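Q: After the structure tokens below, expect a handful of questions from me.
What follows draws every value from the coordinates through simple rules; no lab data is involved. A quick note: this is a predicted structure, and the numbers were derived from the prediction, not measured. Note that we place each Cβ from the backbone using ideal geometry, even for glycine, and neighbour counts take in every protein chain shown.
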Amino acid sequence: MKNGWKRNAVACFLVIFLIAAVGVGCGKGTKEKVVITIGNITDFTGPASTALIPMTWAMEDMVRYFNDGDLVPGAKIRIASYDARYDHSRDIPGYEWVKARGARVISTPLPSTALTLRPFADRDKVPLFTWGSSAQLVEPPGWVFCYNATASRMTKTLLKWISEEHWDYDSGIPRVGMAGWSEAYQNDLKKGVEQYCQAHPDQFDYVGSYLAPMGATTWTSEIGKLKNCDYVITPSTGTGLATFIRDYRDKGYTGTFIGLDAVPAYTRLLVDMCGWNRLDGSLTIHGMGWSTDQGILTELAVDFANRYHAAEAQDLIANTGWISAVHGHYLVLDIVRRAVQEVGAEHFNGQAFYDAAVRFDVTYEGHPQWSYSNTDRTLTKFNRVYEWRAEASDLVSVSDWLPIVD
């Protein structure tokens, strides 16, 4: 009996030893990687889908890049995507849906969705990353992390540059006005133009801001009020943007169109619906640059487009949505990587991401500084102005990197 017990014990020991030896011999391959899920609440079928579907492609490409390169040791990144359709009634169900699928961090390119979800992100300590920002998203600083400076600050930066570099004051004080949808992003943009014009009445004559309900695509009233403007801040989204530009020009009005980086996210749509002749001379300001700029992340955006989306590559490369998506998702995954290095893949959670994010301060080769802090939830610190030129069928940089105006 005792000898039998000893033989069984020795046999068990040998089995355990052999299992351990096999594990050592196989190295890292035997240890299953921790899956880290990032939620993606976007628009696949609604009015912003033209620009936002490629942003999901960029997210998938960047996750592939990080997984294939084993850039987050011990972890495999996974995406859980939800179609919110730019319908606010779907924002909270989308949040619950991606959380139920294990999302520890959530990304959304829709600032209005981020605004709806901010209280939930703060309550649940779930980091929420978005592109466009507004004061409501970042003040006071919480669990929403934005790529761009607020729309109001980007607008002020653009107006300052126009006053210094673009307008000839021998012609008098230029008139500026705005049209768009009544939603968080455009409301913050409106705040910026109003504040700047009130502070600098010698630089601009503010005509007014005329905001229509979300989804509007006809602008007869708004165009009539802005017909005599020297500079017109356009709507920012989808077909509403394109129909405004087309109809304004077809009325014979000549004001220079100006806007933020949301506008060239719809470059192909604008070219198809408006043509370069209507777009010529427009000015937009971007925090991530353009495809012709130098920088390792911009080069990665061009490489992904050519490698994985050859049929659409030309359109993707001429699109700030694509460029900013590659940049932004790299930054999110770089923060994930840093958090995993600090706490280990098995301990990664929203708090680990948050702790790494508020210390994030980088300058990648060819790009300006990007950073967060305990008090700052906007990443970009510099913007550059681009002119739309029909002769080149492209956007051309007309400024250096400009410090963003407070």
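Q: I need I323, I296 ordered by Cβ neighbour count within 10 Å, fewest first.
A: Ascending number of Cβ neighbours within 10 Å: I296, I323.
Q: Grab the other residues whose beta carbon is less than 12 angstrom from that of V385, score K and R as +1, D and E as -1, and report the net.
A: -3
Q: With a length cut of 20 Å (Cα positions projected on each helix's long axis) and a Kyte-Doolittle mean of at least 0.5, go through the chain and give me the DSSP H helices that pass.
A: Going by DSSP H runs, the hits are 2-26.
Q: While we're here: Which distance in nm do the two modelled labels at A390 and Q195 give, with both placed 7 Å along the Cα-to-Cβ direction?
A: Once both label points are built, they end up 3.6 nm from each other.
Q: Please work out the C-alpha center-to-center distance from the range 216-261 to the range 93-131 and express it in whole Å.
A: 33
Q: Right, next: Using a Förster distance of 22 angstrom, determine the FRET efficiency expected from the C-beta separation of E96 and F44, and round it to 0.05.
A: 0.75
Q: On to the next question. So what is the 222 nm mean residue ellipticity for the chain from helices alone, if each DSSP H run of at least 4 adds -39500 (n - 2.57) and you divide by all residues, rounding to the nearest 500 deg cm²/dmol?
A: Rounded to the nearest 500, it is -14000 deg cm²/dmol.
Q: Which of the GluC sites (Glu not before Pro) found in the range 31-104 are in a DSSP loop and have at most 10 neighbouring Cβ atoms, other than their own, within 10 Å?
A: E32
Q: For the range 121-214, run through the trypsin sites (Lys or Arg not before Pro) and keep only the ones in DSSP coil with at most 16 other Cβ atoms within 10 Å of their Cβ.
A: Qualifying residues, ordered by number: K125.
Q: For E312 and T217, calculate 0.36 nm times their separation in residues minus their Cα-Cα distance, and state this gained length in nm to one decimal.
A: Going from the current span to full extension adds 31.6 nm.
Q: How large is ³J(HN,Hα), in whole Hz, for each residue of the range 69-85 in order, when computed from phi with the Karplus curve 6.51 cos²θ - 1.76 cosθ + 1.60 and θ = phi - 60°, using x for Gly and Pro?
A: x, 6, 7, 10, x, x, 10, 10, 8, 10, 10, 10, 9, 10, 8, 8, 6
Q: Could you tell me which residue out of I36, C146, L159 lies farthest along the dipole of the chain toward its positive end? Charges go on the beta carbon: Lys and Arg +1, Asp and Glu -1, centred on the Cα centre.
A: I36
Q: On to the next question. Quick one: putting +1 on the C-beta of Lys and Arg, -1 on the C-beta of Asp and Glu, what dipole do you get for the chain around its Cα centre, in Debye to the nearest 20?
A: My answer is approximately 2060 debye.
Q: For semi-axes √(5λ) of the Cα gyration tensor in Å, pick the label among [x] 36, 24, 21; [y] 48, 20, 19; [z] 59, 24, 16 that corresponds to the value derived from the coordinates.
A: Comparing each candidate, only [y] matches the computed number.
Q: Among L128, V326, V398, whose Cα lies farthest out toward the positive end of the dipole of the chain, if unit charges sit on the beta carbon of Lys, Arg (+1) and Asp, Glu (-1)?
A: The residue sitting most towards the positive pole is L128.
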